[in-house]
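Shown next, in structure tokens, is the structure this report addresses.
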Amino acid sequence: WLGCVRSKPPSQSIALPPGFDAALRIITARLADCPAEWVITGSVGMVLQGLPLRPGDIDLQSDGQGVVAMQERLAEYITQPVFLKSGAQIQSYFGRLEIEGVQVELMGDMQFRSPGEDWTAPGDVLEHRIFWSYSGMRLPLLDLHYEAEAYRRMGRLEKAAMIEAWLREHDG
């Protein structure tokens, strides 16, 4: 895997809810030789990088073909097959899984749109991917600076501001 590997633990201990470690182990094992480029995003990615949040699910992001390949590798866990989901501000390929009692969401070719504008081009997860060592796993995560930018584009300004404030205090 290309990219930055960070193994320095955050200042506080990481506490993922029950089942999350087991689900992450299954995901990383099944996707180890998958041709899809993927990342863990959302609250789990943020918690692993040190933010004090309580995640409710695991979000995995790739491109459109990547989420289909990921779905195939994790087929026994599908609760909602991948389809094109389009809302007012966000559009992506989207599917759901349940692994070890944990909801997992697959998102591919995410695009954003502001009112009166066209959809953005899908982002490239490789541009913003870092690797993080956690509990004996090497996990691909989205960089927090990009996460803040993505939340801002989704119109989730409070979440973006929270990430940015945390980065100002801890990044360095």
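The values are calculated or read from the model by the stated rules, or taken from the named source; none is laboratory data. What you see is a predicted model; the values in this text were computed from it and never measured. Glycine also receives a Cβ, built like all others from the backbone with ideal geometry; neighbour counts cover every protein chain displayed. Each accessible area value is taken on the protein alone, full model and side chains, heavy atoms only, with ligands, DNA and RNA left out. Shrake-Rupley method; radii C 1.70, N 1.55, O 1.52, S 1.80 Å.
Summing charges over all other residues whose Cβ lies under 15 Å from the Cβ of Pro122, with Lys and Arg as +1 and Asp and Glu as -1, gives -3. Annotation: average projected area of segment 80-171 is 7.7 square nanometres, based on the convex hull of Cα atoms across all directions.
For Glu100 and Ala29, compute 0.36 nm times the residue count separating them, minus their Cα-Cα distance, and round to one decimal in nm. Intermediate results must be reported in sequence, preceding the final value.
On the way: separation 71, 0.36 × 71 = 25.56 nm, distance 1.41 nm.
Value of the extension gain: 24.2 nm.
Of the solvent-accessible surface of the chain, computed with a 1.4 Å probe and all protein chains present, 49% belongs to carbon and sulfur. Near the amide H of Lys85, within less than 5 Å, lie the amide hydrogens of Ser92, Tyr93, Phe94, all on another chain or at least 5 residues away, with H placed in the peptide plane. Shown in residue order for segment 76-86 are the 3J(HN,Hα) couplings computed by the Karplus curve 6.51 cos²θ - 1.76 cosθ + 1.60 at θ = phi - 60°: 5, 9, 5, 10, 8, x, 4, 8, 7, 10, 10 Hz (x for Gly and Pro).
Out of the trypsin sites (Lys or Arg not before Pro) in segment 138-172, which ones are loop residues according to DSSP with at most 16 other C-beta atoms within 10 Å?
Values: sites: Arg138, Arg152, Arg153, Arg156, Lys159, Arg168; in loops: Arg156.
For trypsin sites (Lys or Arg not before Pro) across segment 138-172 that sit outside H, G, I, E and B with at most 16 neighbouring Cβ atoms in 10 Å, the list reads Arg156.
Projecting label points 7 angstrom from Cα along Cα→Cβ for His145 and Ala22 puts them 3.9 nm apart.
Grab the beta carbon distance between His170 and Gln111, set R0 = 35 Å, and tell me the FRET efficiency rounded to 0.05.
Values: r = 30 Å, r/R0 = 0.86.
The value I calculate is 0.70.
Skip the ligands, DNA and RNA, and give the accessible area per residue of the chain with a 1.4 Å probe, whole Å².
On the way: 8710 Å² over 172 residues.
For the chain, the solvent-accessible area averages 51 Å² per residue.
The orientation-averaged projected area of the convex hull spanned by the Cα atoms of segment 1-159 comes to 9.1 nm².
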